[in-house]
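Below is one structure, written out as structure tokens; comments come after it.
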Amino acid sequence: MTRPAVATVFEKSAMRTSTTEAKMARDALRNSANRTKPERDFFKIDEHDLVREWVEQPELFYKYARRLADARLELSQRETAVDVAKADADNLIRERPKKFGLPEKPTEAAIKAAIINMPSYTQAMKFLHEAAHAVALLDAAVKTLDHRKRALENLVDLHGQNYFASPRDKSGKAGDMVSRRANRPLRDDEE
């Protein structure tokens with residue numbers, strides 16, 4: 001025996017809740033999307049100021065690792081929201097299958113198909129996909145920072161091996177060559 005008045009109140013409550021949740025989720029995802037954009041280019045390393053680069057590296061890594069953890073929490077919450085939307089839609093469909101164009105005793109496959117078409121479920125899935133995308137972007141940023149750390153280590157090694165040093169003549173012969181060239185008589189083709 002179904003109670004139409006209760007089902008209607010339940011449906012209205014579910015719609016209000018899903019609308020409020022949708023707004024909250026949209027705002028949260030907008031904020032997490034803003035957090036996925038790096039403030040600076042990770043690929044640019046000033047090899048002339050390695051001290052500053054090394055000092056900033058742990059702070060940058062922690063900032064993005066923290067954002068990644070927050071995004072993973074958001075993803076987990078979106079997965080829960082999908083489960084709730086699916087359960088709510090399942091309950092609505094089972095209470096009043098005719099309202100959704102199904103027979104009085106619908107099959108499980110028919111119920112699953114109707115759930116997929118429910119706006120609250122599709123909206124929850126959209127937010128889930130956006131949250132998963134934010135996690136993927138932040139995961140890439142954290143991996144980039146790990147590669148940046150290795151690049152800094154390699155630059156320090158090169159610096160320690162005088163890779164960036166200007167050429168010097170340790171034997172002292174270069175100065176003699178310059179003075180000999182300046183003092184020699186010019187050839188006919190050099191005039």
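The values are calculated or read from the model by the stated rules, or taken from the named source; none is laboratory data. As the structure is a computational prediction, the values presented were derived from the model and not from experiment. Note that we place each Cβ from the backbone using ideal geometry, even for glycine, and neighbour counts take in every protein chain shown.
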Original post:
Only one residue in 114, 89, 109, 134 is touching a residue at least 60 places away in the same chain (Cβ under 8 Å) and not polar (S, T, N, Q), so which one is that?
Top reply: 134
**OP:** Please find, within segment 104-122, the residue that is surrounded by the most Cβ atoms within 10 Å (Cβ to Cβ) out of those that are among the polar types (S, T, N, Q) and assigned to a helix (DSSP H, G or I).
**Re:** 120
Original post:
Which one is surrounded by the fewest Cβ atoms within 10 Å (Cβ to Cβ) among residues in segment 60-92 that are among the acidic types (Asp, Glu) and over 30 Å from residue 108 (Cβ atoms)?
Top reply: 70
Original post:
Pick from 125, 177: which is of a type in the set (A, V, I, L, M), part of a helix (DSSP H, G or I), at pLDDT 90 or above and more than 30 Å from residue 54 (Cβ to Cβ)?
Top reply: 125
**OP:** Examine segment 145-166 for a residue that is assigned to a helix (DSSP H, G or I), within 18 Å of the chain's Cα centre (by Cα), at pLDDT 80 or above and of a type in the set (A, V, I, L, M, F, W, C), and state whether such a residue exists.
**Re:** yes
